[in-house]
Amino acid sequence: MKTQLLKLQVIISSIILLVVISTTLSQAQLLNGPQKIVTDAKRNRLFASNGNAGKLVMIDSTGTQRHFIDTAGFIDGLEIVGDTIYGVADNRVIKAYNLITKQLVMNITLTGGVSTNYLSSITSDSAGHLFISCPDLNAIYKLRISDRAFWTFAQNGGLNRPNGILLERDKNRIVIIDDSPPPSMIHAISLLDSTVSNLDTTAFNSPDGIVRDKNGYYYVGGYYLTAIYRFRPDFSGLPVPIFYGSHMVYPTYDYNDHSLLITFYDANTWARIFLPVGINDPEEHIKDFQLHQNYPNPFNPSTNIKFQIKKNSFVSLKVYNLLGMEIATLVNEKLPAGTYETRFSINSLTNKQLTSGVYFYKLETNGFSETRQMILLK
């Protein structure tokens, strides 16, 4: 596999993202270092683990957050199997709670290492097994739910701090991404014989999570990455940034509405990114329009936004809050080709009572649209 070169590129119109955030700033304080979100489709709700507190937070269909189990101890990966939620706790512990009674039904330490060899991500198969990654030991554990027996499923073989874990039943394999400095690899581990093979080699710095959508495209996020990246089903070509931001740890794919759920670890909030129904995927290259990341970011009270247009166009540049409500119109006019820079200042707003949190700015012109995320810290 060839080494992928990271390259910040604009998103072409055929893969425009419509971003909808299902939370509010006033509720964000319940999340404390949110890591992984999982969907409880049976009850139309979400659950989030919290790296700083271990509390299990429930998010209902209206976006309202509630503490579900304060003492859950879930600091990292989560997985729902039936009516039970399984999660990674400190000191190499896997815990589980019944989603109806909230009763603790599993509390097991995976021995074979020391407590500092922390566990990370977790997934499950249809035969009643959990698979758990252990970055420090370059290992994947397999745990049988029925009798709590566990063993090392795969170790080494090219694994370098395996973190995000994805089970692909149709391909009879696990897909793993390394939480390592570049080069960070994406591996496949056969469910038949535990052999490890390399799917791709990236220049990412310590990515965290990987998921796949119904069209076969893969998405990667990570605390140290500047965007959520999309890979083609065969891992050919360059990874494409589809949503910009910082400290987005694990993406989760929601089959119900073809969206990605992401957490902002430092901002203590989360987002839902609706993906396009179909993807037209030509060679990726800089197009006629480009929207840059704002700077500084985070900001207070003002930040600069730069964009480029390569032909005369009517340009709209607007700022939105987490609920998709328009906050400000920065540009709304026809402009000649060129590079432009504008400033967004909360002091210039009629309503200056903006709170700290995530906001979005969107550029639209001549069929092109791109949205980026920025953070206000007061």
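Can you sort MET248, MET58 by how many other beta carbons sit within 10 Å, fewest first? List each step's numbers first, then the result.
On the way: MET248 28, MET58 18.
Least crowded to most crowded, the residues run MET58, MET248.
Roughly speaking, what is the stretch gain from ASP147 to SER356, that is 0.36 nm per residue apart minus the C-alpha to C-alpha distance, in nm to one decimal?
The ASP147-SER356 span can extend by a further 70.5 nm.
What distance in nm lies between label points placed 7 Å from Cα along the C-beta direction at GLN103 and SER236?
5.4
Let a ≥ b ≥ c be the square roots of the eigenvalues of the Cα gyration tensor of the range 175-219; is it rounded (a/c under 1.5), or, if not, prolate (a/b larger than b/c) or oblate?
Note, shape of the range 175-219 comes out oblate.
To make sure I understand, if each residue's beta carbon is the centre and we count other beta carbons within 10 Å, what order do LEU199, LEU363 fall in, fewest to most?
Ranking LEU199, LEU363 by Cβ neighbours within 10 Å, fewest first, gives LEU199, LEU363.
Computed FRET efficiency, Cβ-Cβ of ASN312 and VAL81, R0 56 Å: what is it to the nearest 0.05?
The value I calculate is 0.50.
Pop out the Kirkwood hydrodynamic radius of the chain from its pairwise C-alpha distances, inverse of mean 1/r, in Å to one decimal.
About 21.5 Å, per the Kirkwood formula over Cα pairs.
Largest first and to the nearest Å, give the Cα extent of the range 111-165 along each principal axis.
Taking the Cα atoms of the range 111-165, the three principal extents are 28, 20, 17 Å.
Determine ³J(HN,Hα), in whole Hz, for all residues of the range 299-315 in sequence, where each value follows from phi through the Karplus function 6.51 cos²θ - 1.76 cosθ + 1.60 and θ = phi - 60°; x replaces Gly and Pro.
9, 5, x, 9, 8, 9, 10, 10, 8, 10, 10, 9, 7, 4, 8, 7, 10
Just want the answer: with Cβ charges of +1 for Lys and Arg and -1 for Asp and Glu, which residue in SER115, SER197, LEU377 is farthest toward the dipole's positive end in the chain?
LEU377
Read the figures in this text as sums done on the coordinates, not as results from a lab. Quantities reported herein were computed from a predicted structural model and do not represent experimental measurements. We place every Cβ from the backbone using ideal geometry, glycine too, and count neighbours over all the protein chains shown.
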